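Chemist: Pasting in a structure now, in structure tokens, and then I'll have a few things to ask.
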Amino acid sequence: MSYQSYTWATIRSRLKEKWESVPFWTDEDALVAFNEALKVWNLATGQWKRKVTLPTTAGTVFYAVPSTLVYQLRMDFNGYVMRPGSIHSLDKLLPRWQSDTTATGSGVPTRPAVFAPVGLNLFAVWPADAAGANSLSIDGVRATPAIAADADFIDCGEEELSALLGMALHVAAFKEGGVRHQATARLYQQFLLAAYDKNARLRASTFFRKHMGLDLRERPVRIPGVAPPSAPQTGA
């Protein structure tokens, strides 16, 4: 997929091509709707990423994420990849985890091995680095770029722009609702499918696949009164 820069002036023009001859929304509505589409796209795909490095401090369990990151995708300690976890699992499996450090011993790892998000701008590590002065490298998703002026631009492929335009129309049509909004539902689904193609995590999500009806295509349909096909026979 080839990427190119699209200015808001160009995007707005492309959006108007899809509008009816007498649109019921303004240029400002279009701007708000497109920025909303960008935010949902970034949440679903992690399109805009950034890597930051934080120094560890002795015994510190919780670290603040720079405001330029909205969630973490991957983290390593001095080049060693850490496993993602959750506060709930740590509390349940390791009741004393917040007091563990790399010097605790008794089976506790000698380097931070797990990171767990606490919120949009805070995460925890287990065990805490006892010595400090080491580094945590975070690959995360940065804040979605906001379009404001005609010269503002985004870099994306034509297929991605088409999905974003469809989502923007779906958002804008919410202003009127009713039949008009319902008519844009297919554009919303196309947007979600484009995000599905972009992000392997969505492809592995049972919830997303069920929501989109994708699992139904891959499972044999059970018809009442008709026995399911037997498994293929192997060997003699």
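Each value in this text was obtained by applying a stated rule to the coordinates, not by laboratory testing. Source: prediction; values computed, not measured. Here Cβ is always computed from backbone atoms with ideal geometry, including for glycine, and neighbour counts include all displayed protein chains.
Chemist: Order by neighbour count: Trp19, Trp8, Trp48, fewest other Cβ atoms within 10 Å first, most last.
Modeler: The order, fewest Cβ neighbours first, is Trp19, Trp48, Trp8.
Chemist: Treat every Asp and Glu Cβ in region 90-187 as -1 and every Lys and Arg Cβ as +1, leave all other atoms uncharged, and give the resulting dipole magnitude about the Cα centre to the nearest 20 debye.
Modeler: 500
Chemist: With the cut-off at 1.5 for a/c, could you classify region 73-120 from its C-alpha gyration tensor as rounded, prolate or oblate?
Modeler: Taking the square roots of the gyration eigenvalues as a ≥ b ≥ c, region 73-120 is oblate.
Chemist: What ranking do His88, His181 get, fewest neighbouring Cβ atoms within 10 angstrom at the top?
Modeler: His88, His181
Chemist: Rounding to the nearest 20 debye, state how big the charge dipole of region 21-91 is about its Cα centre with +1 on each Lys and Arg Cβ and -1 on each Asp and Glu Cβ.
Modeler: Its charge dipole is roughly 480 debye.
Chemist: Which of Glu159, Glu17 has the fewest other C-beta atoms within 10 Å, and how do the rest follow up to the most?
Modeler: So the residues, fewest neighbours to most, are Glu17, Glu159.
Chemist: Dividing the Cα radius of gyration by the Kirkwood radius, what Rg/Rh value follows for region 49-142?
Modeler: With Rh from the inverse mean 1/r over Cα pairs, Rg/Rh is 0.94.
Chemist: Quick check on packing: order 68-80, 119-131 by the mean number of other C-beta atoms within 10 Å, highest mean leading.
Modeler: Put in order of decreasing packing, that is 119-131, 68-80.
Chemist: Work out the charge dipole of region 59-201 with +1 on the Cβ of Lys and Arg and -1 on the Cβ of Asp and Glu about the Cα centre, then indicate which of Phe62, Thr104, Ala173 is farthest towards its positive end.
Modeler: Most positive-ward Cα: Thr104.
Chemist: For Lys18, go through the lysines and keep the ones whose alpha-carbon is under 23 Å away, minus same-chain ones fewer than eight residues off.
Modeler: In chain and number order, the partners are Lys39, Lys175.
Chemist: For region 49-142, what is the charge dipole size about the Cα centre, in debye to the nearest 20, if Lys and Arg each add +1 at the Cβ and Asp and Glu each add -1 at the Cβ?
Modeler: Here the size comes out at about 300 debye.
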